[in-house]
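Only the coordinates and a few stated rules stand behind these numbers; no lab work does. Because the structure is predicted, anything quoted here is derived from the model rather than measured. Cβ placement follows ideal geometry from the backbone for every residue including glycine, while neighbour counts extend to all protein chains displayed.
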Amino acid sequence: MLRLGIDIDGTVTDPQTFVPYLNKSFNQSLTYHDLKQYDLTKILNITEADFWKWMDEFEPIIYKEAPLAHHAKIVLDEWKDQHKLLFISARRKHLEDITYNWFKDKDLYYHHIELIGTHNKLEAVKNNNISIFFEDKHDNACMISEEHNIPVILFNTPYNQDPIPKDVIRVNNWLEAKNWVNQWYEVKIL
C-alpha cells in the first residue's frame, strides 16, 4: 500500500479555477494560458499586501466553488482501497471547514487532510511517510523529490514549465498519473 501525498489546489481542483475570479476582481481578460508563473502578484502587477487582502476575501469562495480536475475523482476512487490518500495543502488552517465540506460535496474520499498554511511541504511529507507526491507547483515538486528521494507527479500547467529533475514526472492529467503510478508500483512490488 502506497502512501500518496496529494496537493489540493491546481492538482485535485481544476488549475483554471482562479481565472474567472482574477478577471472579475482585477478587471482583466486573462486566460489560463496567460498564467505563466505561479506568483499572481507579478501577473496582476499588484503588491503582496493587495494580493493577500484579495485572498482573504475570495479564497473561501474560490475553494468552496472549485471544480474537480478532470478524472481526479475517478482515479482517486480507484485508489482509495489500494493506497492511503493523504492530502497535504498550503491552504491556511482557517479554511479547514470549507475544505472538509468541499471533499464531502464532491464525494471525494480521504484518509487524512492536512492544511499546513505554507508551500513548504517538506516536513509534512516526512511526517506522513509519503511514497509519491502529486503537485502542481514546480519548486515544491523539485524540493520534495530531491529532499525525500521520492517520485513527484507534476501536473503540467503554464506556470510550471521550468526544467525538472529525474524523479519529477510531468503528466497532463490524472489518467496519465494513474498509468505512471500503476506501472511504478508493479515494478516496485516485483
Violating pairs (Cα-Cα greater than 24 angstrom) within the set LYS24/LYS73; LYS80/LYS106; LYS104/LYS126; LYS53/LYS73; LYS64/LYS178: LYS24/LYS73; LYS104/LYS126; LYS53/LYS73; LYS64/LYS178
Förster-model FRET efficiency, 30 Å R0, GLN161 and LYS188, C-beta, rounded to 0.05: 0.55
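Rounded to a whole number, what is D in µm²/s for region 48-113 from Stokes-Einstein with the Kirkwood radius over alpha-carbon pairs (4 °C, 1.567 mPa s)? Working shown, then result.
Numbers: Rh = 13.2 Å.
Rounded, D is 98 µm²/s.
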Distance from region 116-190 to region 35-100 (C-alpha centre basis), Å: 17
Solvent-free Debye scattering, log10 I(q)/I(0), computed from the Cα coordinates of region 121-190 at q = 0.12 Å⁻¹: -0.29
Helical contribution to [θ] at 222 nm, DSSP H n ≥ 4, -39,500 (n - 2.57), averaged over the chain, rounded to 500: -13000 deg cm²/dmol
Hull shadow area, averaged, the chain [alpha-carbon convex hull, nm²]: 10.4
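Report the full-extension gain for the segment ASN173 to LYS93: residue separation times 0.36 nm, less the Cα-Cα distance, to one decimal in nm. Present the calculation step by step, with values, prior to reporting the outcome.
On the way: separation 80, 0.36 × 80 = 28.80 nm, distance 2.79 nm.
26.0 nm is the gain from fully extending ASN173 to LYS93.
Could you give the C-alpha radius of gyration of region 19-65 expressed as a fraction of 2.2 N^0.38 Å, taking N as the number of residues it contains?
1.09
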Stretch gain in nm, segment ASN45-LYS126, where the contour uses 0.36 nm per residue and the Cα spacing is subtracted: 25.6 nm
Long-range amide H partners of THR17 with built H, under 5 Å: none
